[in-house]
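What follows is a set of notes on a single structure, which appears directly below.
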Amino acid sequence: MTATEAGEHALARELFAVQARAGFDQIRRDLEWLPVIGFFCHACAGLDDTEFAPVLYDLLAANPARAIGVGPLAGWWAPADYHLGALCRVMGRFDEAELRLRSALTTTEHLGARPWQARTQIELARVIEIAHGSADTTITALRESAASIAADLGAAGIAALLG
């Protein structure tokens, strides 16, 4: 995930290949499993990787968790629907992507999780644009809201996602 976020896509793809040979389903099923899968999902969507998206989608979708936490004190890594929605986009399943991302947006708004709210708005705008075209006015509203949240938080990394 850090390689993807840093723009080191070749390294991220290499690391995905290493894990794929070992098997994503072989990741130890303990307290660390859900965050590891969440990080893989995040990286996969960031790479638009169609090879590993279905496998990661199936693994995360089979888990009953609605949100991904990273240890009891480390933090929260978004609603599971955010990651599932982003993977649906990669797989071309735009209707499901939109539903999952709208669900994730509701969760982030309810929890006041503004960084993930902005990320979800950006991903949802991307899905709507791909599925319905750039004339959809919802896209502008989502991006403007995400930009406002990023500015309020001083989150340059999130603002950079807007292009």
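Nothing in this text is a laboratory measurement; each read-out follows from the coordinates by a stated rule. Remember, predicted model here, so these are calculated numbers, not experimental data. A quick note on method: Cβ atoms are made from the backbone with ideal geometry, for glycine too, and the neighbour counts reach across all protein chains shown.
Between VAL18 and VAL55, the simple spin-label model (points 7 angstrom out along Cα→Cβ) gives 1.5 nm. Simple spin-label estimate for HIS110 and GLU32 gives 3.1 nm between the two label positions (7 Å along the Cα-to-Cβ direction from each Cα).
Ranked from largest, the principal axis spans of the Cα set of region 2-160 equal 44, 35, 30 Å. Counting neighbouring Cβ atoms within 10 Å and putting the fewest first, the residues GLU32, GLU123 line up as GLU32, GLU123.
Treating r as the C-beta distance of ASP25 and MET91 and R0 as 25 Å, the FRET efficiency rounds to 0.85. Distance between the modelled labels on SER134 and ALA151, one decimal in nanometres: 2.1 nm (7 Å Cα→Cβ projection). Placing unit charges on the Cβ atoms of the charged side chains and taking the dipole of the chain about its Cα centre, the candidate lying farthest along the positive direction among GLY38, HIS132, ALA3 is GLY38. For the chain, a crude dipole built from +1 on the beta carbon of Lys and Arg and -1 on the beta carbon of Asp and Glu, taken about the Cα centre, is about 220 debye to the nearest 20. Hydrophobic, long helices, defined as DSSP H runs whose alpha-carbon span along the helix axis is 15 Å or greater and whose mean Kyte-Doolittle value is at least 0.0, occur in the chain at 9-22, 33-47, 80-91, 137-153.
Distances longer than 18 Å among the Cα atoms of region 1-71: what percent of all pairs is that?
So the pairs more than 18 Å apart make up 33 percent of the total in region 1-71.
By the count of other C-beta atoms within 10 Å, a proxy for reagent exposure, LEU87, LEU111, LEU105 are ordered fewest to most as LEU111, LEU105, LEU87.
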